[in-house]
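Remarks on the structure that follows.
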């Protein structure tokens, strides 16, 4: 499932005009590096689900070295700034505040 999630994110970002560079090693600090208009971001891809309260549930481990977390849900992809994610907890819900501008 993780490989399919990463491929979905890569395709989505390519469609949005980003240069996408996937990691080739399991020991990398992020899943992808992306570039657009002189800006770069480190992205970690996570497969998740959404509960009835519109909260995203996904693994929060090892997110301290990334800029953006891409949460792949069954019907969409949600991009969250790392600061929006409570790290250190495994499978903890996060709600995207309606006034927060998505990073991607």
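Looking only at segment 6-58, count every residue that is loosely packed, with under 11 Cβ neighbours inside 10 Å and over 17 Å from residue 76 (Cβ atoms) and tell me the total.
Number of matching residues: 8.
Suppose the filter is assigned to a loop (DSSP other than H, G, I, E, B) and either at negative phi or at pLDDT 85 or above (or both); does residue 59 pass it?
On the way: assigned to a loop (DSSP other than H, G, I, E, B): yes; either at negative phi or at pLDDT 85 or above (or both): yes.
It is true that residue 59 is assigned to a loop (DSSP other than H, G, I, E, B) and either at negative phi or at pLDDT 85 or above (or both).
Give just the number: which of (1) modelled with pLDDT under 90; (2) surrounded by fewer than 16 Cβ atoms within 10 Å (Cβ to Cβ); (3) not in a loop (DSSP other than H, G, I, E, B) does residue 80 not satisfy?
(2) is the only condition that residue 80 fails.
Does residue 64 count as surrounded by fewer than 14 Cβ atoms within 10 Å (Cβ to Cβ), assigned to a helix (DSSP H, G or I), at pLDDT below 90 and out of contact with any strand residue (DSSP E or B) (no Cβ under 6 Å at 6 or more places or on another chain)?
Values: surrounded by fewer than 14 Cβ atoms within 10 Å (Cβ to Cβ): yes; assigned to a helix (DSSP H, G or I): no; at pLDDT below 90: yes; out of contact with any strand residue (DSSP E or B) (no Cβ under 6 Å at 6 or more places or on another chain): yes.
Answer is no for this residue.
Within segment 6-15, is there a residue that is part of a loop (DSSP other than H, G, I, E, B) and either modelled with pLDDT under 95 or under 15 Å from residue 103 (Cα atoms) (or both)? Walk me through how you get there before you give the answer.
Filtering segment 6-15 down to residues part of a loop (DSSP other than H, G, I, E, B) leaves none.
Checked segment 6-15: no residue is part of a loop (DSSP other than H, G, I, E, B) and either modelled with pLDDT under 95 or under 15 Å from residue 103 (Cα atoms) (or both).
If residue 16 meets every condition in (1) under 13 Å from the mean Cα position of the chain (by Cα); (2) touching a residue at least 60 places away in the same chain (Cβ under 8 Å) apart from one, which number is that one?
Here residue 16 meets the rest and fails (1).
Just wondering, is there one or more residues in segment 32-49 that are touching a helix residue (DSSP H, G or I) at 6+ places or on another chain (Cβ under 6 Å) and either under 17 Å from residue 83 (Cα atoms) or at pLDDT below 85 (or both)?
Yes, segment 32-49 contains a residue that is touching a helix residue (DSSP H, G or I) at 6+ places or on another chain (Cβ under 6 Å) and either under 17 Å from residue 83 (Cα atoms) or at pLDDT below 85 (or both).
The values are calculated or read from the model by the stated rules, or taken from the named source; none is laboratory data. On a predicted model such as this, the values are computed, not experimentally measured, just so you know. For neighbour counting, all protein chains shown are included, and Cβ atoms are generated from backbone atoms with ideal geometry for every residue, glycine included.
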